[in-house]
1. Starting from the exponent 0.38 and prefactor 2.2 Å, build the expected Rg for segment B:26-66 from its residue count and divide its actual Cα Rg by it.
2. Work out the mean other chain Cβ neighbour count within 10 Å for the residues of A:100-110 and drop it here as an integer.
3. Partner chain Cβ atoms within 10 Å, averaged over the residues of A:47-55 - can you pull that number for me?
4. Once the Cα gyration tensor of chain B is found, what semi-axes does its equivalent ellipsoid get, as square roots of 5 times the eigenvalues, in whole Å, sorted largest first?
5. Of all DSSP beta bridges in chain B, what percent run antiparallel (nearest 5)?
6. Could you sort out which of A:Lys49/B:Lys78; A:Lys109/B:Lys11; A:Lys68/A:Lys101; A:Lys69/A:Lys101; A:Lys58/B:Lys11 sit more than 29 Å apart by Cα distance in this structure?
7. If Lys and Arg each add +1 and Asp and Glu each add -1, what is the summed charge of the other residues whose beta carbon sits under 11 Å from the beta carbon of A:Val13?
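Just so you know, all these numbers are worked out from the coordinates, no wet-lab data involved. All values reported here derive from a predicted model rather than from experimental measurement. Neighbour counts run over all protein chains shown; Cβ positions are idealised from the backbone, glycine included.
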Amino acid sequence: AQSVTQLGSHVSVSEGALVLLRCNYSSSVPPYLFWYVQYPNQGLQLLLKYTSAATLVKGINGFEAEFKKSETSFHLTKPSAHMSDAAEYFCAVTASGGYQKVTFGIGTKLQVIP
Amino acid sequence: DARVTQTPRHKVTEMGQEVTMRCQPILGHNTVFWYRQTMMQGLELLAYFRNRAPLDDSGMPKDRFSAEMPDATLATLKIQPSEPRDSAVYFCASGEQPGPLHFGNGTRLTVT
């Protein structure tokens, strides 16, 4: 069984401030973890993925996430928020190996204040 | 750029009518997922397929929903009969497991 918890359904940051979106996972086997972004009226797009290589993963648009096994976390960060980062962000988990369902968190809406 | 294509983008129908949503996955992808997104529940997994075979459809109300992949280029999700509570955005996604999923732009369903 696997699950994802995203803390904070809404997060507001000022333009230029640090973005931190939290994700904790639960998985009975080594996980693969993903962050996706969704803009209005669109499907989800992949931001970055962790697949058991480097624990610090860099993605598109300046985002990165660090896999911490001891904390079962995969938080998403960006040093400086841009207005175009306003969107909804989803953390997702799947089990490594084989064909497994992909479970998504509830999502976090990021608001960037000018 | 290869994309997942979903049709229709919008569908308004009356309660009791049949609704069919279609998805063209990216060629070569071996898994196809159907998700439903609502404000209250977020993204719910309805069904997924591997190499066109259904692996898990436990998220679907069996009495009214059905999902199929008649061939590698087409996945369908049907609701019969539709109910107002089925109003949501339905997403299809494909991928090469256990890699990332590629999502379509969704079908926004409104059942009145």
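1. Compactness ratio reported: 1.27.
2. Values: counts 7, 10, 12, 2, 7, 2, 4, 3, 0, 0, 0.
Mean partner shielding for this stretch: 4.
3. So the per-residue partner count for this stretch is 1.
4. 22, 14, 13
5. Restricted to chain B, the bridges split so that about 90 percent are antiparallel.
6. Too far apart for the 29 Å limit: A:Lys49/B:Lys78; A:Lys58/B:Lys11.
7. Values: positive: A:Lys78; negative: A:Glu15, A:Asp85.
Counting the neighbours of A:Val13, the net charge comes to -1.
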